[in-house]
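Structure first, then comments.
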Amino acid sequence: MKGSLKGQKVVIVGGTSGMGYGAAQEVIKHGAEVVVVGTTIEKINIAVSALGEKSQGLLANILEESSLKSLADQLDTIDHVFITASPGGTNRLTDQEFDIKKSYLYGKVWSSLMTVKMLLPKLSKSGSVIFLTGGFALKPDGNATLVTGAYTALEGLTRALALELAPIRVNTIRPGMIDSPLWNFMDEDQREELFKTEAKKNPLGKIGTITDIGHAAVFLMTNPYINGETLDISGGRNLA
Ligand SMILES: NC(=O)c1ccc[n+]([C@@H]2O[C@H](COP(=O)([O-])OP(=O)(O)OC[C@H]3O[C@@H](n4cnc5c(N)ncnc54)[C@H](OP(=O)(O)O)[C@@H]3O)[C@@H](O)[C@H]2O)c1
């Protein structure tokens, strides 16, 4: 069946929360088995018990090569890998300590590349890789300089890796603002205010959901002829 992931295995690094979790829900709906990966065992257990028997959880930290190697060792053949985890430090050039391992560039770009490199021997030739960036790739705001650098680098790497890794397909999702636990560091009133303000700036008058991103991930996994693309899922926010 077209659009089906039946019999396929999907690894989602960052799949215990937010957009990765939304993608885990959607790939299961489309018939896949999913492995959700994160650094916190409690989050893994909660996610796996909610996602059900087609899910499995594994601990790994994308900042550490040895942890990614151990993740790869625990996997058999996989069909798709979606990397949403983006750990990282301060975002302004002027705030940087120039410790690359604490930088958002490392947490986003280097860690995503290390994940692909480590999982590559397990990845089916008919499979795909999906990276995640964000609106700062197109619209810097002066406070997230390193985020813009990381996202634009990853979008460029998407095109280059689509050639290097072919026939494995490589694509990226560029989300707009998404209602996810990422924003739980704010209190409820602050968060509602932020979502309301951002919705007003959006041509569709709303922010996105984790399901919107999951839907895009399933599309990129199941369409066999999309390769080297960055799919903007922001309601047209970058046009406004
Ligand atoms: N939400 C938005 O509006 C938005 C928009 C554009 C871009 N983004 C970017 O997308 C990223 C994901 O957003 P989200 O909303 O899905 O965030 P989220 O709900 O906080 O989920 C992040 C996921 O990544 C995992 N993770 C974090 N550090 C990790 C590490 N070192 N190794 C492995 N897994 C790790 C987390 O699990 P553990 O905590 O257990 O490790 C969790 O499963 C954000 O970090 C942000 O840079 C977000």
Under-5 Å amide H pairs with GLY176, H placed in peptide plane, nonlocal only: ILE233, SER234
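Compute, for the chain, the length of the dipole vector about the Cα centre, with Cβ point charges of +1 (Lys, Arg) and -1 (Asp, Glu) only. Units Debye, rounded to 20. Write out the running numbers ahead of the final one.
On the way: 24 positive and 25 negative charges, 138 e Å.
Magnitude of the dipole: close to 660 debye.
Indicate the gyration tensor shape class of the chain (rounded, prolate or oblate), computed on the Cα atoms with a ≥ b ≥ c the square roots of the eigenvalues: a/c under 1.5 is rounded; otherwise a/b larger than b/c is prolate and the rest oblate.
Here the chain falls in the rounded category.
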Shape of the range 145-213, Cα gyration tensor, a/c cut at 1.5: prolate
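Where does the chain land at 222 nm, in deg cm²/dmol rounded to the nearest 500, when only DSSP H runs of n ≥ 4 count, each adding -39500 (n - 2.57), divided by all residues? Don't jump to the answer; show the numbers that get you there.
Details: 7 runs with 88 residues, N = 240.
So the calculated ellipticity at 222 nm is -11500 deg cm²/dmol.
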Kyte-Doolittle at least -0.5, axis length at least 27 Å by Cα - qualifying DSSP helices, the chain: 145-164
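Tell me, in nm to one decimal, what length is gained between GLU188 and LYS69 on full extension, where the rule is 0.36 nm per residue of separation less the Cα-Cα distance? Mind showing how you got there, number by number?
Values: separation 119, 0.36 × 119 = 42.84 nm, distance 3.87 nm.
Answer, rounded to one decimal: 39.0 nm.
Bear in mind these aren't lab numbers, they're just calculated from the coordinates by the rules spelled out. Because the structure is predicted, anything quoted here is derived from the model rather than measured. Note: ideal-geometry Cβ built from the backbone for every residue, glycine included; neighbour counts use all protein chains shown.
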